[in-house]
Amino acid sequence: MNKSELIEAIAASADIPKAAATRALDAMVDTVTESLKGGETVSLVGFGTFSVKERAARTGRNPQTGEPIQISAAKVPTFKAGKALKDSVN
């Protein structure tokens, strides 16, 4: 499912116009993004938790030349599925 298909599904499920569903989805994504930028976690009970984790610096390898390269530390967004989501998939 891509973004446009998700918008159509939201519009049909909530009985709202596609434009309103688009604004709602964009607002949700923007809000989650801004919260993660601020170091907060976003928990949706039954669905899952969005958070930011620190990835340590490490030594990698250039696949073309085989020489080692230094990969810097980074913050990466993560998602952990909630119990209800896990149960509904299985």
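The values are calculated or read from the model by the stated rules, or taken from the named source; none is laboratory data. Only a predicted model underlies this, so the values are computations on that prediction, with no experimental measurement involved. Backbone-built Cβ (ideal geometry, glycine too); neighbour counts: all protein chains shown.
State whether one or more residues within region 72-80 are surrounded by 11 or more Cβ atoms within 10 Å (Cβ to Cβ), touching a Leu at 6+ places or on another chain (Cβ under 8 Å) and in a loop (DSSP other than H, G, I, E, B). No: region 72-80 contains no residue that is surrounded by 11 or more Cβ atoms within 10 Å (Cβ to Cβ), touching a Leu at 6+ places or on another chain (Cβ under 8 Å) and in a loop (DSSP other than H, G, I, E, B).
For Pro63, the criteria (1) part of a strand (DSSP E or B); (2) more than 13 Å from the chain's Cα centre (by Cα) hold in every case but one, which is (1).
Looking only at region 81-90, count how many residues are assigned to a loop (DSSP other than H, G, I, E, B) and either among the hydroxyl-bearing types (Ser, Thr, Tyr) or loosely packed, with under 11 Cβ neighbours inside 10 Å (or both).
Count: 1.
In this entry, Thr78 passes the filter for residues that are of a type in the set (S, T, N, Q), closer than 30 Å to Leu6 by Cα and not assigned by TED's automatic domain parsing to the domain that holds Ala9. Residues in region 9-27 that are part of a helix (DSSP H, G or I) and either assigned by TED's automatic domain parsing to the domain that holds Thr49 or exposed (fewer than 13 other Cβ atoms within 10 Å of the Cβ) (or both): Ala9, Ala12, Ser13, Ala14, Ala19, Asp26, Ala27. If the condition is being surrounded by 12 or more Cβ atoms within 10 Å (Cβ to Cβ), in a strand (DSSP E or B) and on the phi < 0 side of the Ramachandran plot, then region 28-54 contributes Val42, Ser43, Leu44, Thr49, Phe50, Ser51, Val52. Beta carbons closer than 7 Å, at least 6 apart along the sequence or on distinct chains, pair a first residue in region 1-28 that is over 19 Å from Val42 (Cβ atoms) with a second that is of a type outside the set (A, V, I, L, M, F, W, C) and loosely packed, with under 11 Cβ neighbours inside 10 Å for Ala11/Pro17.
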